[in-house]
Every structure is written in structure tokens, then in C-alpha cells.
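One structure is given below, encoded as C-alpha cells.
The values are calculated or read from the model by the stated rules, or taken from the named source; none is laboratory data. Predicted model only: the values in this text are computed from it and were never measured. Cβ atoms come from the backbone with ideal geometry, glycine included; neighbour counts cover every protein chain shown.
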Amino acid sequence: MSEIIVPTPFEKKTADAVVIGGGIVGASTAFWLSKAGLKVILVEKRDALSSLTTAASVECFRTQFTEKAMADLALPSVEMFENFKDIVGLPDIDIGITQKGYLFVTDEPDRVPDLEKAIKQYDKLGIPGSELISGPDLHKRFPFLAPRALAATFNNRDGWISTHETTYGFAKGSKDVQFFIRTRVTGINLDSNGICGVETDKGTLHTRLVVNCAGPYAGSVGEMAGLDMPLRTVRRQKAFIRTSRKGVPPNAPFTVDLENHAYWRPEAGGVICAWVDPDEPDSPPSDELATDWDFAAESIYRVSRLNPFFETIADELKAEDVDVSAGQYVYTPDDKPVIGPCDEINGFHLNCGYWCGVMMSPEAGKRVADIVTGRMDNKDNPLRYSRFKEGDVEKGDTFLK
Ligand SMILES: Cc1cc2nc3c(=O)[nH]c(=O)nc-3n(C[C@H](O)[C@H](O)[C@H](O)COP(=O)(O)OP(=O)(O)OC[C@H]3O[C@@H](n4cnc5c(N)ncnc54)[C@H](O)[C@@H]3O)c2cc1C
């Protein structure tokens with residue numbers, strides 16, 4: 001039986017595996033390790049699971065990835081979102097899956113070959129259902145787009161979920177996991193065989209297996225084990241805008257302007273819009289990120305270019321209808337996550353380095369468990385940590401990251 005508790009101080013406890021971090025990635029990892037028969041303790045410093053980066057996300061998932069290593073995580077993860085009740089064994093759980101697609105749009109003729117190339121790559125990777133849509137067909141199917149929109153890639157299987165329900169679904173569906181909230185990891189103990197325990201502010205956890213799922217703090221947790229991981233943390237913001245305007249197309253997909261990195265999607269009671277600023281500097285991991293006073297205005301301005309109905313939203317906007325929040329993307333040298341053991345420290349496993357951890361979390365957690373139980377050889381895992389020292393590091397050309 002699993003439980004989510006604030007533990008009373010203890011001298012020592014023992015687990016087969018300790019998962020550090022109670023975001024969606026940690027919850028999925030704990031779920032899959034417990035399904036593989038391990039007794040797991042997950043440690044989360046905050047008051048609740050799913051309360052840091054996972055809560056800051058736009059909650060979207062997609063199949064449209066041009067890199068095989070990413071598609072191999074994304075596709076099975078979408079399947080798991082689609083079959084979540086069966087996966088976690090909870091017939092009543094509702095993760096609010098909404099599959100209205102991802103639409104990557106351009107108005108730049110020079111960009112169209114990139115879209116054609118992406119579609120060919122999706123076909124090659126066996127990603128079903130991706131379409132290149134252009135000209136009058138594009139405007140017929142997505143009449144909210146500005147006349148200048150030229151072409152788009154679209155996959156109607158893509159969409160969004162409730163990350164809160166999904167994280168708690170993994171937790172409630174776990175077999176033998178203790179989820180310790182309000183418990184901070186302060187150190188990692190090593191002996192001549194590698195990992196031997198985890199120090200927390202509530203007591204010591206004895207274990208030979210640790211999985212680092214600490215999101216933006218994964219680098220700090222790595223340092224506790226003596227590992228200097230090549231991770232960068234970058235603030236990303238989003239704006240929720242309350243509006244009941246009739247002009248907002250309620251069935252629109254997650255729509256991305258490829259020319260200015262802006263995106264939007266419908267959300268209950270309004271819209272979410274944002275943009276990914278390529279010049280945003282790195283910032284240290286933080287639970288208290290400030291937001292920019294003009295982020296919502298800048299995002300609306302940017303999405304308006306290809307989605308002109310936003311101009312009317314802007315005209316009637318009141319400050320109390322706008323909520324801006326922020327979290328941090330984590331980037332690795334090749335913009336792909338790190339999953340699996342690190343050779344340097346026996347028993348120290350990683351599941352971190354995400355800018356897209358929501359959509360990858362189901363299969364990424366399963367991969368950790370598959371490697372731990374020997375079902376997958378880490379040599380066959382393209383996201384292994386050793387790729388950085390092996391020099392197998394290539395940035396892909398997936399849109400919007
Ligand atoms: C604006 C924005 C939009 C995004 N949109 C999307 C999207 O649409 N789709 C998508 O896939 N991704 C999106 N992302 C990225 C996504 O949110 C993250 O990749 C994902 O949430 C990472 O999950 P996680 O569990 O690794 O991290 P987190 O949710 O941050 O969880 C890590 C946890 O570790 C805990 N922790 C850290 N250190 C310690 C310690 N010492 N002791 C105990 N606990 C500790 C933290 O408190 C935290 O709860 C977005 C991010 C942002 C900021």
C-alpha cells in the first residue's frame with residue numbers, strides 16, 4: 001500500500017530505492033520501480049507532489065519529434081496517457097486528456113522546406129498521423145489563423161493533460177511507495193560499493209539505489225554525490241488570461257508561431273499564451289522565480305501575429321484577468337534528458353535534464369525501472385549519461401524547445 005505522508009523524524013529507514021523529487025518525473029519513476037517489485041521511498045521537500053516545475057508547465061504532450069531518441073520516449077508516453085486508467089490500475093482516475101493536436105505554423109516561405117523535412121522525418125520514425133497542411137486547406141481547417149499563415153505541421157493525437165491528476169495518479173497507482181513530503185534531501189552517502197544512503201532533514205534512508213528526479217535541482221543533487229553534471233536551468237514563463245470572448249476558438253490546437261517562438265492554447269475559462277525567449281539567460285535553480293511585468297503583453301503581441309483574435313483580447317484586457325507564472329527548463333548539451341545509471345557512482349541513477357518532462361515522464365520512468373531490473377541494457381539507451389563523455393552529443397532540430 002502506498003502513502004503520501006509528512007514523516008515524523010526517524011533515525012533510519014531502509015528502502016530498495018530512494019527517488020529524489022516529487023514532480024511528475026519522480027512520481028512516474030517511483031510508480032514503475034514499485035511495479036517492478038522494489039520497495040521505494042520518494043522524498044519531496046515541498047508541501048505537495050507536483051508543486052514546482054510540473055505545476056508551472058503548460059501541460060502539453062506531442063508526438064512530433066524529429067530525433068529518434070526523443071520520439072522513442074514521446075510516442076509510448078502518449079500511449080500511456082491515452083490508457084492511463086489501465087496503466088495505473090485506477091478505473092476512476094481522470095487525467096483530463098485533451099487531444100486537439102499541435103499546430104506548428106509559419107508565414108515564412110523559406111521555412112516551408114523545414115516543415116516538409118520534419119514530416120518526412122516523422123514518417124521515417126514511424127510517428128503516425130502527422131500532416132503538412134498549407135494554403136486554403138490550412139485556413140479552412142483553422143479559420144482563426146491570420147491570412148498570412150502559409151503552412152503548418154499538425155498531429156491531432158497531440159494535446160494536453162492535467163499534470164496534477166497524472167502525478168497523483170502515478171502516486172496512487174504505485175504498489176509499495178512511501179511518498180515523504182516536507183522532507184529535504186541534504187546529502188548522499190557513499191561507501192566503497194557506491195551509494196549507501198540518503199541524508200534528509202527527517203533522518204537517514206539506507207539504500208543502494210538513488211534516482212535523481214530533482215528537476216531544476218538535479219545538478220545540486222548530483223553535486224551531493226560528487227557529480228558535476230552539465231545541466232543549465234533557464235526560466236520560462238506562461239500567462240493565463242481569463243476571457244469569455246466568443247472569438248476564442250474553443251477547439252483550437254496548441255498553436256505555435258515558428259517565427260517568433262510564441263504559442264497559445266485554449267484553457268478552461270480562458271487561454272494560455274507564452275513565448276520561449278531564446279535570449280533568456282541561465283538562472284540558478286529556485287523555488288521563487290520572479291516574473292516579468294510585461295510578459296503577458298509581449299506574449300499577446302507575439303501570438304496576435306498569426307492569431308489575430310488575440311488583438312480583441314488585448315483591447316479588453318484588465319490586470320486582474322492575467323496570471324503570469326514561471327518555472328525552469330533544464331537543458332543538457334544536446335537538449336535531451338539524461339536517463340539511467342551513471343558509471344562514476346554505483347547505484348546513482350538519473351532521470352532529469354528536461355525541458356519537456358511532462359510529456360516524456362511515463363516512458364522515462366519505465367525506462368529507469370527497465371534498466372534497474374535488467375530488462376534494458378543501458379548500452380542500448382541513447383539517453384545514457386555516459387554519452388557526454390563518449391562525445392555522442394548532437395543537438396536535434398525539433399521545433400520549439
Ligand atoms: C512555462 C513552462 C511551460 C512548460 N510546458 C511544458 C509542456 O507543455 N510540456 C512538457 O512536457 N513540459 C513542459 N515544461 C517543462 C516541464 O514542466 C518539466 O520538464 C517537468 O515538470 C519536469 O518535471 P520534474 O518532475 O523533473 O521536475 P519538478 O516538477 O520540478 O520536480 C522536481 C521536484 O524535486 C524536488 N526537490 C528538489 N531538490 C530536492 C531536495 N534536495 N530534496 C527533496 N526534494 C527536492 C522539488 O521540490 C520538486 O518538486 C514547461 C515548463 C515551464 C516552466
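A few remarks follow.
- Restricting 380, 334, 370, 315 to residues that are over 25 Å from residue 67 (Cα atoms) and surrounded by fewer than 24 Cβ atoms within 10 Å (Cβ to Cβ) narrows the list to 315.
- Residues that are assigned to a strand (DSSP E or B), farther than 30 Å from residue 200 by Cα and out of contact with any Pro (no Cβ under 9 Å at 6 or more places or on another chain) within the stretch 152-177 comprise 152, 153, 160, listed in sequence order.
- Residues in the stretch 280-311 that are among the aromatic types (Phe, Trp, Tyr) and either touching a strand residue (DSSP E or B) at 6+ places or on another chain (Cβ under 7 Å) or not in a loop (DSSP other than H, G, I, E, B) (or both): 295, 301, 309, 310.
Yes/no matrix, rows are residues, columns are (1) in contact (Cβ under 8 Å) with a residue 60 or more places away in the chain; (2) buried (at least 24 other Cβ atoms within 10 Å of the Cβ); (3) over 29 Å from residue 26 (Cα atoms); (4) within 12 Å of the ligand (Cβ to nearest atom):
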site: 211; (1), (2), (3), (4): yes, yes, no, yes
site: 223; (1), (2), (3), (4): no, no, no, yes
site: 233; (1), (2), (3), (4): yes, no, no, yes
site: 237; (1), (2), (3), (4): yes, no, no, yes
site: 244; (1), (2), (3), (4): no, no, yes, no
site: 296; (1), (2), (3), (4): no, yes, yes, no
site: 308; (1), (2), (3), (4): yes, no, yes, no
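- At least 3 residues being of a type outside the set (Asp, Glu) and more than 29 Å from residue 155 (Cα to Cα) is the threshold, and among the helices (runs of 4 or more DSSP H) wholly inside the stretch 4-87 those reaching it are 24-35.
- Within the stretch 12-25, residues that are assigned by TED's automatic domain parsing to the domain that holds residue 352 and within 17 Å of residue 176 (Cα to Cα) sit with their Cβ atoms under 6 Å from residues that are at pLDDT 95 or above and among the polar types (S, T, N, Q), at 6+ positions apart or across chains, in these pairs: 15/207; 18/207; 19/29; 20/212.
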